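Q: Let me give you the structure first, and then I'll get to my questions.
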Amino acid sequence: MTASERSLGIMARCQGSHFVDKGYYKKLTLYGRKHGIRVFVFSPRQVNFSTRMVKGFEYRSGSWHAKDFPIPAFIYDRCFVGPSYRHYKPFVEKLQNDRNITFLGYGLSGKWQVHQMLAKSPLLAPLLPPTEIFSYPVLHATLEKYGAAIIKPMAGTHGIGVVRIKEMRTGYEASGRNRDNKPFTRRIRDTAGLKRFVSVFTAGRKFLVQPYLELHTPDGTPFDVRVLVQKNGLGKWGITGKAVRLGDKRSITSNLHGGGKATLLASFLPLHFTSAKAARIEQTINRVAEELPRFLEESHGRLVELGIDIGIDTAGNVWIIEVNSRPGRTVFRMIDDPTAQLHSITQPVRYAHYLMKERVGG
């Protein structure tokens, strides 16, 4: 096997030598080195397809160094989707269509597409909140039926742009996080005011509408469960960890970027549910973690890991809120689960090692 065939390129959005998650990529590099795999970070915009070389960054001797590398045979896609992703997309697609390159997994396209795929599973469909593409009539109908609705950007992350709209005796209340991830609450007097507010707030972006679910503890603290599932060194899916993310009471989401806290699922559930209900909730979550990756992969194509965000309402019903193919790991640094913390970092390299052996064998 050649050196480039033993290399794993982490594809990220780099501005010069600036890229996020340096701490995580450093750990991946050191773990890969132990197993004879060269790991480096690169931007898809820095690939030269005619020379088959790429400008990238490698962690060595305590710091990151810029260097030219042969295009890696294996790519770990950490190129987060967002408003500026369009500048990267053509380069990413060219790499995906290159027969000499194996992607550990292909990024999921968007919340709506994922919802439509999961809705075809008899087991998962009942756990999806009713979801439609945003328009004012759809929002109005959701408010008429449920009294409160959530609007969320199709391509958003970290709870940014998620807003709850609630019918009040004196009009409406909109609360959530704006584009700068700052919490806000606004009173709106009538439907004309609501129409104006949502048209300004959603301008230029596509949103989804869902009924508002009571995903909080009895004292009003919003929470969700992040389940990290990953492929291991045998190419099989497994649960790496389960953690509860608790948000700020002033917020409607539990994202850690909004100042949240984290705790272990096993210690959280008994505090808020009867032992029978807690056992049923955990059983349902485990069933989702087992079924969802395999089902999604059949429709979507190869995946390497998924962050599955699960909501539990005040009655103990389990809901699939979101699925992310480029999950963060912060939550596992915040809870006392060293095994989950270690696996969350090492599994992508183990899976890459498995694919390398498969390529040689096959």
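The values are calculated or read from the model by the stated rules, or taken from the named source; none is laboratory data. This is a predicted model, so every value here is computed, not measured. Cβ atoms come from the backbone with ideal geometry, glycine included; neighbour counts cover every protein chain shown. Calculation scope for accessible area: heavy atoms of the full protein, side chains included, ligands and nucleic acids excluded. Shrake-Rupley method; radii C 1.70, N 1.55, O 1.52, S 1.80 Å.
Q: Somewhere in the range 221-235, is a residue without any contact (Cβ under 8 Å) to a residue 24 or more places away in the chain, in the same structural domain as residue 334 (by the TED database), closer than 24 Å to residue 296 by Cα and of a type outside the set (Val, Ile, Thr)?
A: no
Q: Further question: Find all pairs meeting these conditions: Cβ atoms under 6 angstrom apart; at least six residues apart or on different chains; first residue within the range 32-53 and more than 18 Å from residue 17 (Cβ to Cβ); second residue surrounded by 14 or more Cβ atoms within 10 Å (Cβ to Cβ) and of a type in the set (Gly, Ala, Ser).
A: 38/7
Q: Is it the case that the range 320-343 has a residue that's touching a helix residue (DSSP H, G or I) at 6+ places or on another chain (Cβ under 8 Å), farther than 30 Å from residue 30 by Cβ and not assigned by the TED database to the domain that holds residue 21?
A: yes
Q: Within the range 344-351, identify whether any single residue is free of Cβ contacts under 8 Å to residues at least 60 places away in the same chain, under 16 Å from the mean Cα position of the chain (by Cα) and not assigned by the TED database to the domain that holds residue 73, and answer yes or no.
A: no
Q: With the structure loaded, tell me whether residue 303 is among the hydrophobic types (A, V, I, L, M, F, W, C), buried (at least 22 other Cβ atoms within 10 Å of the Cβ) and either in a loop (DSSP other than H, G, I, E, B) or at pLDDT below 95 (or both) or whether it fails that test.
A: For residue 303, the condition - among the hydrophobic types (A, V, I, L, M, F, W, C), buried (at least 22 other Cβ atoms within 10 Å of the Cβ) and either in a loop (DSSP other than H, G, I, E, B) or at pLDDT below 95 (or both) - is met.
Q: May I ask you to list pairs of residues, at least six apart or on different chains, whose Cβ atoms are under 8 Å apart, with the first in the range 308-330 being part of a strand (DSSP E or B) and buried (at least 20 other Cβ atoms within 10 Å of the Cβ) and the second being modelled with pLDDT of 95 or more and of a type in the set (Phe, Trp, Tyr)?
A: Close Cβ pairs (under 8 Å, with a partner that is modelled with pLDDT of 95 or more and of a type in the set (Phe, Trp, Tyr)) amount to 310/319; 311/319; 312/319.
Q: Considering 145, 120, 152, which residue is open to solvent by 70 Å² or more (accessible area, probe 1.4 Å), of a type outside the set (S, T, N, Q) and not in a loop (DSSP other than H, G, I, E, B)?
A: 145
Q: Restricting to the range 334-362, and then to whatever is crowded, with 17+ Cβ neighbours inside 10 Å and within 23 Å of residue 263 (Cβ to Cβ), can you tell me which residue is modelled with the highest pLDDT?
A: Taking the candidates together, the pick is 347.
Q: Please indicate, with yes or no, whether at least one residue in the range 176-196 is under 30 Å from residue 291 (Cβ atoms) and in contact with a strand residue (DSSP E or B) (Cβ under 7 Å, 6 or more places away or on another chain).
A: no
Q: While we're looking at this one, here's another question. If a residue must be without any contact (Cβ under 8 Å) to a residue 40 or more places away in the chain and open to solvent by 50 Å² or more (accessible area, probe 1.4 Å), how many such residues does the range 79-108 contain?
A: Counting residues in the range 79-108 that are without any contact (Cβ under 8 Å) to a residue 40 or more places away in the chain and open to solvent by 50 Å² or more (accessible area, probe 1.4 Å) gives 8.
Q: Now for a different question. Among what's in the range 123-142 and is β-branched (Val, Ile, Thr) and outside any loop (DSSP other than H, G, I, E, B), pick the residue that is nearest to residue 212 (Cα to Cα).
A: So, considering only residues that are β-branched (Val, Ile, Thr) and outside any loop (DSSP other than H, G, I, E, B), the one nearest to residue 212 (Cα to Cα) is 142.
Q: Looking at the range 40-55 only, could you name the residues that are assigned to a strand (DSSP E or B) and farther than 17 Å from residue 349 by Cβ?
A: Listed by number, the residues that qualify are 43, 44, 45, 46, 47, 48, 53, 54, 55.
Q: In the range 11-62, which residues are open to solvent by 50 Å² or more (accessible area, probe 1.4 Å) and of a type in the set (Ser, Thr, Tyr)?
A: Correct list: 17, 50, 51, 61.
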